[in-house]
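One structure below.
The values are calculated or read from the model by the stated rules, or taken from the named source; none is laboratory data. All values derive from a computational prediction rather than experimental measurement. Counting neighbours? That spans all protein chains shown, and the Cβs are built from the backbone with ideal geometry, glycine included.
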Amino acid sequence: MQLIIFFNGWGMDKNTIDHLYLEKGYKLECLSFPYSTSHINFSDFKKIFVVGWSFGVFYASKFILENPNLKCSSIAINGTPYIIGRFGISPKMFTLTLKTISNENILKFYDNMGAPRDLFKEKIDLKKLEDELLYILENQPTRHISFDKVFLGKMDRIIPYSKQSKFYQNENSHVIRLECEHYPFKSFISWRNIISETNEF
């Protein structure tokens, strides 16, 4: 059995990736804030894939740094380990988002990232969204892992493509550029599209 640990984006739930086909022989753990892995027995799996999307790239990097003895394949999608700053969202925009959280603005956020609104069936928990932004603000990283594979959406308006591209120029990562917005999962049919070494779609 092989394990895929998916670190989800900010304010997201399992509906974001529910349509992706999971091949036999794989187990999927879809994690959202606070991204706990305490329930997982890693020794049950012969191979582990760590996948982070958006803000989840920060958590995926953090997870691997905190588990140095765990052998993982790492994949980043539309994000860098540095959510705020020159390789992520501007501090001004991040602060504005924190100060103006509302149901209306969250729906606008979904639209701006190119995600269909009908994916988000759960009630929006504004307090949880605020708590996560505060956590990121207070726990900005000073180091990161180099991801094995990276997907970058050329039309990303949430974490600008130009900033992500600049960051990964200095990384030893295999970069795949997609014609997609910040929400990338319309470009994939199955998890094999994401974790496969051949990158066949």
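Some points to look at:
- Among residues of the range 35-51 that are touching a residue at least 60 places away in the same chain (Cβ under 8 Å), those with a beta-carbon under 6 Å from a residue that is in a strand (DSSP E or B) and polar (S, T, N, Q) at least six positions away or on a different chain give the pairs PHE49/SER73.
- Qualifying residues in the range 170-201 (those that are assigned to a loop (DSSP other than H, G, I, E, B), of a type in the set (Phe, Trp, Tyr) and touching a residue at least 24 places away in the same chain (Cβ under 8 Å)) - the one surrounded by the most Cβ atoms within 10 Å (Cβ to Cβ): TYR183
- Residues that are of a type in the set (D, E, K, R) and modelled with pLDDT of 95 or more do not occur anywhere in the range 6-14.
- Some residue of the range 44-66 being of a type outside the set (D, E, K, R) and modelled with pLDDT under 95: no
- Any chance LYS14 is without any contact (Cβ under 8 Å) to a residue 40 or more places away in the chain, closer than 28 Å to ILE106 by Cβ and surrounded by 12 or more Cβ atoms within 10 Å (Cβ to Cβ): yes
- Pick from the range 131-169, criterion in contact with a helix residue (DSSP H, G or I) (Cβ under 6 Å, 6 or more places away or on another chain) and part of a loop (DSSP other than H, G, I, E, B), ranking: nearest to VAL50 (Cα to Cα): ILE145
- Restricted to the range 1-113, the set of strands (runs of 3 or more DSSP E) holding at least 1 residues that are in contact with a Pro (Cβ under 8 Å, 6 or more places away or on another chain) and more than 15 Å from PRO141 (Cβ to Cβ) comprises 47-53, 72-77.
- Exclusive hit being over 14 Å from the mean Cα position of the chain (by Cα) and without any contact (Cβ under 8 Å) to a residue 24 or more places away in the chain, set LYS128, LYS92: LYS92
Table: residues versus (1) more than 11 Å from the chain's Cα centre (by Cα); (2) within 23 Å of ILE158 (Cα to Cα).
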{"residue": "PHE7", "(1), (2)": "no, yes"}
{"residue": "SER38", "(1), (2)": "yes, no"}
{"residue": "PHE45", "(1), (2)": "yes, no"}
{"residue": "LYS62", "(1), (2)": "yes, yes"}
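- Lone unmet requirement of (1) hydrophobic (A, V, I, L, M, F, W, C); (2) touching a strand residue (DSSP E or B) at 6+ places or on another chain (Cβ under 7 Å); (3) within 23 Å of GLU181 (Cβ to Cβ) for LEU96: (2)
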